[in-house]
Ligand SMILES: [Zn+2]
């Protein structure tokens, strides 16, 4: 039975409670509700993504009346952490949404794009007539997304701030993407401190400072995306350099499908550093994704402004991403014109798993020629074109027809932006005192269980993998 969370009044009348409204048993839809006698605060407001059964949850009524939520806190700007916000606002939430300044900037790129995609999907379903709903409606629109952006309240790292009666918030760098933060909530009613990890990055992120240790907290909610894995330290840099060199010698073109936010910047940084070391030739680089270019400008701003989560050696760097060889490709016409280039070059384009976007027409053109190469730099989910390429497919369906895969495919997947099991344990172990309970969330069940066991066995802390919609007392 699904417990009802609907409470009749704005303040929660009973004991302080934490509810897992998403991100439990799955890596998407992060939503954690903290209810105290004086306030109701939602940590993250993510969309469910992936399998249809999960995506359908986005249409379920929100378990409490959104008008009763006093404030929302966002850990970072990935869609599975912010993408439900326009829907929450449309259903009556009208409080402030606290996030770091860079998260607010990136959300302004990500949310309207998500709304636009929702509208396109609904329009497509109506044309194709496959939706059970007539007419098919978007979950929210681009206009809803713009309206939701008006609720964002930027708060810098390390500034403690009251955000609701009896609730104080502190952000610390999480090292995952620009602006990503861990969340500390100090509750004065039950006199408890809770820390949410959000998504934790790797200490080796080339652009961002390592995740800061958690504060002294009674309860920690930790992610477990890679809770059962250990990243093998292959030299991703070296693989990237070798692949670029082989392609250049063949006179071919490199195409890199990349996620618009963070991955594009990490790849550009690596390419700039490799060229500077003389490890690769100075090739023209084209960034062909309007969303990636908007995100790139935010990263450039952060480097220029010495943001606290940028690595010290990069703060103020004039050409962190660009040695003058990077061309921004804005229009579709400019993108198509890249087909006319006949010298070695590198094209970085979205989407990162080749599920859509401009990278498709580059792949359709470049895959049949042995001189070219595709370099994969991120996680490739099952069922995507990126996974098919990584698995060595001989032909690939693109834009309605099959093209032969003769280009070299190189998987440099080690550019992961999630901490692995050892790094998650090290982060938990770095707290000034061990928490009473750790809730393990944001993972497939096997990953969460593996981290759960490791926390109990090695850190001797009570760990729990909560069920979806489970409620636990905080006092
Ligand atoms: Zn994330």
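Any read-out appearing in this document is the output of simple, stated calculations on the displayed coordinates, not a laboratory observation. What you see is a predicted model, and the numbers here were worked out from it, not measured in a lab. Neighbour counts are summed over all protein chains in view; Cβ atoms, including those assigned to glycine, are modelled from backbone coordinates with ideal geometry.
Key figures for this structure:
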quantity: Crossing angle, helix 263-276 versus the chain [Cα axis fit, 0-90 degrees, rounded to tens]; calculated: 50 degrees
quantity: Residue exposure sequence - 226, 402 - by fewest surrounding Cβ within 10 Å; calculated: 402, 226
quantity: Mean separation of Cα contacts under 8 Å, 6 or more apart, over the residue count of the stretch 60-188: relative contact order %; calculated: 27 percent
quantity: Residues 144, 199 arranged by fewest to most Cβ contacts within 10 Å; calculated: 144, 199
quantity: Degrees, to the nearest 10: 445-454 long Cα axis against longest axis of the chain; calculated: 70 degrees
quantity: Separation of the residue 472 and residue 124 label points, Cα + 7 Å toward Cβ, nm; calculated: 3.9 nm
quantity: For the chain, share of DSSP beta bridges that run antiparallel, in % to the nearest 5; calculated: 45 percent
quantity: Percent of Cα-Cα distances greater than 21 Å, calculated over the stretch 148-228; calculated: 33 percent
quantity: Convex hull projection area averaged over all views, the chain, Cα basis, nm²; calculated: 22.1 nm²
quantity: Ordering of 338-345, 364-371 by burial proxy (mean other Cβ atoms within 10 Å per residue, highest first); calculated: 364-371, 338-345
quantity: Label-point separation, residue 94 to residue 158 (7 Å along Cα→Cβ), nm; calculated: 3.8 nm
quantity: Helix-derived mean residue ellipticity, 222 nm - over the chain, DSSP H n ≥ 4, -39500 (n - 2.57), to 500; calculated: -8500 deg cm²/dmol
quantity: Part-to-part distance (alpha-carbon centres) for the stretch 59-79 and the stretch 198-251, which is given in Å; calculated: 29 Å
quantity: Theoretical FRET efficiency, 1/(1+(r/R0)^6), r = Cβ-Cβ of residue 462 and residue 53, R0 35 Å, to 0.05; calculated: 0.70
quantity: Computed lengthening from residue 333 to residue 250, 0.36 nm per intervening residue step minus Cα-Cα distance; calculated: 27.2 nm
quantity: Relative contact order [Cα under 8 Å, 6+ residues apart], the chain, whole percent; calculated: 18 percent
quantity: Ordering of 254-264, 272-282 by burial proxy (mean other Cβ atoms within 10 Å per residue, highest first); calculated: 254-264, 272-282
quantity: Kirkwood hydrodynamic radius of the stretch 252-352, from inverse mean 1/r over distinct Cα pairs, in Å; calculated: 14.0 Å
quantity: Angle in degrees between helix 101-128 and the longest Cα principal axis of the chain, rounded to the nearest 10; calculated: 80 degrees
quantity: For the stretch 83-131: rounded, prolate or oblate by the Cα gyration tensor [a/c cutoff 1.5]; calculated: oblate
